[in-house]
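Encoded as structure tokens, the structure appears first; notes follow it.
The values are calculated or read from the model by the stated rules, or taken from the named source; none is laboratory data. Source: prediction; values computed, not measured. Glycine gets a Cβ as well: all are built from the backbone with ideal geometry, and neighbour counts include every protein chain shown.
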């Protein structure tokens with residue numbers, strides 16, 4: 001079953017890659033992890049939660065441990081769209097600067113974040129159509145970035161599972 005779930009992860013990659021993006025410019029990075037990387041991620045999630053006192057890292061670590069694969073998606077070195085709209089918090093795109101944050105880096109062009117959201121939505125739609133259980137998880141992205149599993153200023157993880165009951169709900 002793990003091979004089939006990994007194949008669905010690959011199909012999710014196609015959905016995310018072909019999703020529309022501002023000015024047709026693509027700053028999305030995608031990676032599917034499985035096997036030992038899942039165990040390493042789960043261990044680090046549990047450890048990070050204990051060290052920081054942040055809640056539910058232990059719960060999500062258990063989800064990762066019981067998943068068949070994890071779909072990772074990020075924005076990597078995304079250039080501002082050039083609209084000077086101010087949605088990022090800067091009046092002009094040329095003033096936008098990215099600074100390292102405690103978990104993610106920002107500011108990021110709001111329209112590039114929209115690109116990420118559309119790509120993410122397209123990917124999870126594909127998983128849903130193919131009946132692979134999934135859940136978009138913030139904490140997975142934090143740990144994937146910390147471990148260097150994928151490049152990018154902001155990372156989101158989507159664990160994938162195919163069992164008799166969705167393991168990501170009723171947690």
Original post:
residue 30 fails exactly one of the following numbered conditions: (1) more than 24 Å from residue 108 (Cα to Cα); (2) part of a strand (DSSP E or B). What is the number of that condition?
Top reply: (1)
Subject >> Flag for residue 51 being surrounded by fewer than 14 Cβ atoms within 10 Å (Cβ to Cβ) and farther than 21 Å from residue 107 by Cα >> reply: yes
Subject >> Residues of region 93-107 satisfying the condition of being assigned to a loop (DSSP other than H, G, I, E, B), without any contact (Cβ under 8 Å) to a residue 40 or more places away in the chain and either in contact with a helix residue (DSSP H, G or I) (Cβ under 6 Å, 6 or more places away or on another chain) or surrounded by 13 or more Cβ atoms within 10 Å (Cβ to Cβ) (or both) >> reply: 96, 107
Original post:
Can you find even one residue in region 68-86 that is farther than 19 Å from residue 28 by Cβ, touching a strand residue (DSSP E or B) at 6+ places or on another chain (Cβ under 8 Å) and surrounded by fewer than 21 Cβ atoms within 10 Å (Cβ to Cβ)?
Top reply: no
Original post:
Taking the condition surrounded by fewer than 16 Cβ atoms within 10 Å (Cβ to Cβ), assigned to a loop (DSSP other than H, G, I, E, B) and modelled with pLDDT of 95 or more, does residue 125 pass?
Top reply: no
Original post:
Which of (1) modelled with pLDDT of 95 or more; (2) more than 29 Å from residue 4 (Cβ to Cβ); (3) under 16 Å from the mean Cα position of the chain (by Cα) is the odd one out, the single condition residue 100 does not satisfy?
Top reply: (3)
Original post:
Any idea which of 150, 143, 167, 156 is within 12 Å of the chain's Cα centre (by Cα), in a loop (DSSP other than H, G, I, E, B), closer than 24 Å to residue 49 by Cβ and in contact (Cβ under 8 Å) with a residue 24 or more places away in the chain?
Top reply: 150
**OP:** Please state which of the following conditions residue 115 fails to meet, knowing it meets all the rest: (1) in contact (Cβ under 8 Å) with a residue 60 or more places away in the chain; (2) closer than 27 Å to residue 36 by Cβ; (3) in contact with a strand residue (DSSP E or B) (Cβ under 9 Å, 6 or more places away or on another chain); (4) surrounded by 14 or more Cβ atoms within 10 Å (Cβ to Cβ).
**Re:** (2)
